[in-house]
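Peer 1: Sharing a structure below in C-alpha cells format, with a few things to ask.
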C-alpha cells in the first residue's frame, strides 16, 4: 500500500500537535513524582512523630507512677504521723535521749530509715510517754539530726573513732549522702573504705579526709583540663586502676607541672593495693623506689589504653583535696608520667 505525500504531511502535523502534550505529560509526571516523594516524607515524619509520642507517653506514665508512689509514701507518712504527733511534730526517744523535730526534717531524703519508719512499712514503737523509740546511741543522734536539719555535719575531724561511729550510724539510718560526707575519700569510686584507711596509713595520717576536686567525666578528659586544675596544687597521691582492676600508685610532694623537669623528693613512695601476684597492700619506701618505678611503668604499658588515675592533693591546712581523673594514656603521656615518677 502506497502512502501519499499528503498523508505523510497529515501524520507529521499530528505528531507536531502531540509534542506539547507529551511535554505536558512529562511535567505532570514529574509533579506527581514530587508529590509522591513529599508524601513519603510526610509518612516518615509521621512515623517518627508517632515513635516520639510513644516514648513521651512512656516517660509521662513512668513519671506519673513515680509521682503516685511519692504521693502514696507521703500520705502514708502523714497518716502514720497523725497517730503519734501534732502538726507535723514528733518526739523521738533515741537510746534514752529525747529529741523533738518534724516529720519533714526526718524524711527530707527518700529511701531512708525514717521514710520507712513513718510509713506503713514498720509499726511504730513507743516508750511509756508516747515518744517514738529508736534503739540507737542518743549522743551520736545529735549529729544525725544536725545533718538532717542543715545538710551538714560538724565534728572534730581529728577524732577517728567519732568519724567511724558516725559512719556506722549513717549506714544504719540509710543516709547515703551523709555516708559520702563522712568518708575519707568522698566522691572516689576506685577504693573501698578499708583501702582508704590503708592509704591514709601509708600517708601517715589515718584520719586524713580527702575532697574530690577533679573528675574527667565532669571536667573533661583532655590533658589541658587536668593541668588547669592540678598544676601547682601541692603534694599529690596518684591511684591507678588497670583494666584488670589492679590498684597501685604513688605519693610525691612535688606539685604537678608541664615543665618536664626532674625533681627529687625524699618523702615520695609507691604502693600496691590490688595486684595479680596476691601481694598484700604494701608501701614501697625510698630505698627501692627506682625498682618500683620500673614496675609501675611496666604495668602502665601492660594496661595501656585503659588506665584510670586519681590524684589527691594536700593544702597547707592539711585538708587533702582529691583530684580524680580518668586518662587513656598515649606513649607521649606515658613518657610524661615516667618523668613525674622520676621524682621518686
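Peer 1: Please pick out the residue among 259, 231, 222 that is in the same structural domain as residue 285 (by TED's automatic domain parsing), surrounded by fewer than 16 Cβ atoms within 10 Å (Cβ to Cβ), over 18 Å from residue 199 (Cβ atoms) and at pLDDT 80 or above. Don't jump to the end; show me each part of the working.
Peer 2: Details: 259 fails: at pLDDT 80 or above; 222 fails: at pLDDT 80 or above.
From the options 259, 231, 222, the qualifying one is 231.
Peer 1: Right, residue 207: at pLDDT below 80 and either over 28 Å from residue 145 (Cβ atoms) or outside the structural domain of residue 109 (by TED's automatic domain parsing) (or both) or not?
Peer 2: yes
Peer 1: Then there is this: Among the helices (runs of 4 or more DSSP H) lying completely within the range 152-267, list those that include at least 2 residues that are closer than 30 Å to residue 139 by Cβ and more than 21 Å from the chain's Cα centre (by Cα).
Peer 2: 160-172, 193-203
Peer 1: What are the residue pairs meeting all of these: first residue in the range 183-203, first residue in the same structural domain as residue 281 (by TED's automatic domain parsing), second residue surrounded by fewer than 18 Cβ atoms within 10 Å (Cβ to Cβ) and part of a loop (DSSP other than H, G, I, E, B), Cβ atoms under 6 Å, and 6 or more apart or on different chains?
Peer 2: 198/281; 200/206
Peer 1: Among the residues that make up the range 129-147, is at least one of them over 30 Å from residue 242 (Cα atoms), under 24 Å from the mean Cα position of the chain (by Cα) and not in a strand (DSSP E or B)?
Peer 2: Yes; the residues of the range 129-147 include at least one that is over 30 Å from residue 242 (Cα atoms), under 24 Å from the mean Cα position of the chain (by Cα) and not in a strand (DSSP E or B).
Peer 1: Additional query: All but one of (1) touching a helix residue (DSSP H, G or I) at 6+ places or on another chain (Cβ under 6 Å); (2) at pLDDT 75 or above hold for residue 266; which doesn't?
Peer 2: If we test residue 266 against (1) touching a helix residue (DSSP H, G or I) at 6+ places or on another chain (Cβ under 6 Å); (2) at pLDDT 75 or above, just (1) comes out false.
Peer 1: Now for a different question. As an exercise: evaluate residue 198 against (1) in contact with a strand residue (DSSP E or B) (Cβ under 9 Å, 6 or more places away or on another chain); (2) modelled with pLDDT under 90 and give the number of the one condition it does not meet.
Peer 2: Every listed condition holds for residue 198 apart from (2).
The values are calculated or read from the model by the stated rules, or taken from the named source; none is laboratory data. These numbers were taken from a predicted model, which means no experiment stands behind them. Every residue, glycine as well, gets a Cβ built from its backbone with ideal geometry; the counts of neighbours run over all protein chains shown.
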